[in-house]
Ligand SMILES: Nc1ncnc2c1ncn2[C@@H]1O[C@H](COP(=O)(O)OP(=O)(O)O)[C@@H](O)[C@H]1O
Ligand SMILES: [Mg+2]
């Protein structure tokens with residue numbers, strides 16, 4: 001056990017790589033989610049088809065296979081990626097496909113009356129999306145995005161297979177050197193758990209901010225009418 | 001939407017509609033103090049308008065005209081097509097046949113290469129500049145405070161500078177009696193306050209035609225009068241063309257020049273409010289008014 005503790009800095013460096021991988025992949029996945037999710041809600045047949053194709057293809061492909069493909073197959077046709085780049089691309093594309101479905105579903109779940117009010121104000125289709133539908137859809141996206149983010153963080157453990165020295169990679173190294181299998185894996189389980197909790201905190205913070213923007217929580221120093229008005233759930237009725 | 005050649009009886013835009021649908025702007029006298037739109041108000045004409053939802057024919061070759069600046073109330077039993085008429089005018093629905101005119105331009109169709117073709121988004125955008133709508137459920141944007149609900153359209157659609165839009169929003173909030181709520185969030189307002197903000201939001205876009213769809217029927221009884229008084233003032237002080245759906249007979253009497261009684265997508269009877277409410281000619285109108293008064 002003390003061997004494991006002596007090598008703790010090694011594990012810390014590994015978790016730093018894991019965190020970086022998670023953040024880069026999440027940023028890519030978020031961008032792809034928004035792009036293909038929004039395309040999936042448009043009227044045009046072509047953009048919707050492109051969105052469908054992306055989602056079906058990359059949701060069905062295991063991140064590990066994608067990563068191997070970027071790392072081992074593409075060099076055969078002269079495209080060489082660093083392991084980090086291949087891993088971020090694979091995870092981003094894979095989780096972006098899940099995220100696009102979340103974005104599409106959330107936009108479609110914004111009450112139709114909001115879309116109609118935006119039409120009545122003569123906003124253009126792009127303005128309706130950017131100024132009315134998307135901001136309201138964010139509140140619906142955040143909880144499933146929180147789940148996906150943690151899924152993504154856990155999925156990064158496969159990158160040790162393309163020689164990236166993440167937390168999992170360091171654990172294997174340490175286990176080989178010390179033979180302390182149980183202690184090593186118990187330690188990194190706790191470390192993955194801590195990273196997951198940090199990500200969860202971030203998502204919770206964003207959820208609170210969005211709720212305040214949408215008037216679902218009292219702002220600082222202002223009592224919310226809905227809690228003051230006697231027995232009036234759904235005062236701000238949506239039609 | 002059907003191609004043009006299925007409706008040969010409808011006039012092309014060059015053939016002037018039978019009655020003048022555009023009022024020449026009144027010469028500007030004293031600068032108006034109210035933030036309400038004035039001048040150049042268009043009329044409205046429905047010509048053999050057909051609207052179906054699946055197999056359900058809601059409007060069957062409906063014809064009617066609203067003169068520039070005229071204020072018309074639509075009454076009739078639930079399901080008779082009143083909301084559908086307003087939604088067609090707001091381009092939230094498309095006609096299946098026939099033509100809707102706003103002023104001397106067709107709402108549903110546009111000219112291209114001398115032929116009348118279904119309107120595209122650009123034409124709809126152009127036509128919507130003249131029309132504003134207030135909904136039964138207010139439909140304020142919950143992701144914006146009151147001020148931004150009022151400035152978003154003017155700034156991003158009309159291209160008004162932000163300072164000017166804020167100035168105008170202040171004027172409108174003053175008019176609807178909510179100057180102190182400028183920074184409030186819609187969820188912090190009562191239903192009546194939300195509806196007054198929604199009215200101000202529609203007016204901020206300076207429409208020429210205002211559509212009101214049962215705007216007080218979602219409100220608690222004690223809040224109805226305030227909103228009605230506001231609309232009465234607006235009707236009095238502007239020359240908006242007004243189409244109003246309401247079941248409140250007193251309000252309809254005060255606000256309208258003419259009442260149209262609908263049943264099953266057809267006009268059963270029309271006339272000045274005194275006549276329709278005081279001495280209706282049709283049995284169906286009498287039955288309807290009786291039923292409304294009973295509730
Ligand atoms: N989006 C829709 N889909 C299907 N049917 C509809 C839709 N909107 C309205 N209708 C039908 O059209 C008819 C007229 O409705 P509406 O215009 O709302 O009447 P009103 O406002 O006079 O009560 C009703 O029979 C209603 O069921
Ligand atoms: Mg209705």
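Applying the criterion of being without any contact (Cβ under 8 Å) to a residue 60 or more places away in the chain and touching a helix residue (DSSP H, G or I) at 6+ places or on another chain (Cβ under 9 Å) to the residues of the stretch B:106-118, the residue that is nearest to the other protein chains (Cβ to nearest Cβ) is B:107. When residues in the stretch B:76-105 are screened for being within 14 Å of another protein chain (Cβ to nearest Cβ), closer than 21 Å to residue B:210 by Cβ and within 15 Å of ligand 1 (Cβ to nearest atom), 10 of them pass. Taken over the stretch B:122-143, the residue count meeting the criterion of being in contact (Cβ under 8 Å) with a residue 12 or more places away in the chain and within 20 Å of residue B:187 (Cα to Cα) is 9.
Being touching a residue at least 24 places away in the same chain (Cβ under 8 Å), assigned to a helix (DSSP H, G or I) and crowded, with 20+ Cβ neighbours inside 10 Å is the filter here, so list the residues in the stretch A:159-168 that pass it. Full working, then the answer.
Taking the stretch A:159-168 and keeping what is touching a residue at least 24 places away in the same chain (Cβ under 8 Å), we get A:159, A:161-168.
When the remaining residues are screened for being assigned to a helix (DSSP H, G or I), the result is A:159, A:161-162, A:167-168.
Within the stretch A:159-168, A:159, A:162, A:167, A:168 qualify.
The numbered conditions (1) under 19 Å from residue B:202 (Cα atoms); (2) away from ligand 2 (no atom under 16 Å from the Cβ); (3) surrounded by fewer than 22 Cβ atoms within 10 Å (Cβ to Cβ); (4) at pLDDT 95 or above are all true for residue B:242 except (3).
For the stretch B:167-193, a residue qualifies if it is in a loop (DSSP other than H, G, I, E, B) and either within 12 Å of chain A (Cβ to nearest Cβ) or over 29 Å from residue B:84 (Cβ atoms) (or both), and the qualifying residues are B:177, B:178, B:182, B:183, B:184, B:185, B:189, B:190. Being more than 16 Å from ligand 2 (Cβ to nearest atom), closer than 15 Å to residue B:76 by Cα and either away from chain A (no Cβ under 14 Å) or surrounded by fewer than 19 Cβ atoms within 10 Å (Cβ to Cβ) (or both) holds for only one residue in B:235, B:291, B:252, B:281, and it is B:281. With respect to the conditions (1) out of contact with any helix residue (DSSP H, G or I) (no Cβ under 7 Å at 6 or more places or on another chain); (2) within 16 Å of ligand 1 (Cβ to nearest atom), residue B:243 falls short on a single one, namely (1). Within the stretch B:171-213, the only residue that satisfies the criterion of being surrounded by fewer than 20 Cβ atoms within 10 Å (Cβ to Cβ) and under 14 Å from the mean Cα position of the chain (by Cα) is B:206.
Output the residues belonging to the stretch A:11-40 that are surrounded by fewer than 16 Cβ atoms within 10 Å (Cβ to Cβ) and under 16 Å from residue A:168 (Cβ atoms).
A:12, A:13, A:16, A:20
Of everything in the stretch B:119-161 that is surrounded by fewer than 17 Cβ atoms within 10 Å (Cβ to Cβ) and either in contact with a strand residue (DSSP E or B) (Cβ under 7 Å, 6 or more places away or on another chain) or outside any helix (DSSP H, G or I) (or both), the residue that is farthest from the other protein chains (Cβ to nearest Cβ) is B:161.
May I ask you to verify whether residue B:73 is within 14 Å of the chain's Cα centre (by Cα) and either surrounded by fewer than 22 Cβ atoms within 10 Å (Cβ to Cβ) or away from ligand 1 (no atom under 16 Å from the Cβ) (or both)? Before you say what the answer is, go through the steps one by one.
Working: within 14 Å of the chain's Cα centre (by Cα): yes; either surrounded by fewer than 22 Cβ atoms within 10 Å (Cβ to Cβ) or away from ligand 1 (no atom under 16 Å from the Cβ) (or both): no.
Considered against the rule, which asks whether it is within 14 Å of the chain's Cα centre (by Cα) and either surrounded by fewer than 22 Cβ atoms within 10 Å (Cβ to Cβ) or away from ligand 1 (no atom under 16 Å from the Cβ) (or both), residue B:73 comes out as no.
Taking the conditions exactly as written (touching a helix residue (DSSP H, G or I) at 6+ places or on another chain (Cβ under 7 Å), more than 14 Å from chain B (Cβ to nearest Cβ) and closer than 17 Å to residue A:158 by Cβ), does residue A:99 satisfy them or not? Against the criterion (touching a helix residue (DSSP H, G or I) at 6+ places or on another chain (Cβ under 7 Å), more than 14 Å from chain B (Cβ to nearest Cβ) and closer than 17 Å to residue A:158 by Cβ), residue A:99 does not qualify.
Residues checked against (1) closer than 25 Å to residue A:111 by Cβ; (2) in the same structural domain as residue B:235 (by TED's automatic domain parsing):
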position: B:121; (1), (2): yes, yes
position: B:139; (1), (2): yes, no
position: B:164; (1), (2): no, no
position: B:170; (1), (2): no, no
position: B:179; (1), (2): no, no
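Taken over the stretch A:106-151, the residue count meeting the criterion of being closer than 19 Å to residue B:187 by Cα and either assigned to a loop (DSSP other than H, G, I, E, B) or away from chain B (no Cβ under 13 Å) (or both) is 2.
Quick check on the stretch B:212-232: of everything there that is over 26 Å from residue B:267 (Cβ atoms) and within 14 Å of chain A (Cβ to nearest Cβ), which residue is nearest to ligand 2 (Cβ to nearest atom)?
Of all residues in the stretch B:212-232, those over 26 Å from residue B:267 (Cβ atoms) come to B:218-227, B:229-230.
Of the ones still in play, those that are also within 14 Å of chain A (Cβ to nearest Cβ) are B:218-220, B:222-223.
Values: B:218: 12, B:219: 15, B:220: 20, B:222: 23, B:223: 20 Å.
Top of the filtered list is B:218.
The values are calculated or read from the model by the stated rules, or taken from the named source; none is laboratory data. Everything numeric in this text was worked out from a predicted model, so none of it was measured. Every residue, glycine among them, receives a Cβ derived from its backbone with ideal geometry; neighbour counts consider all protein chains shown.
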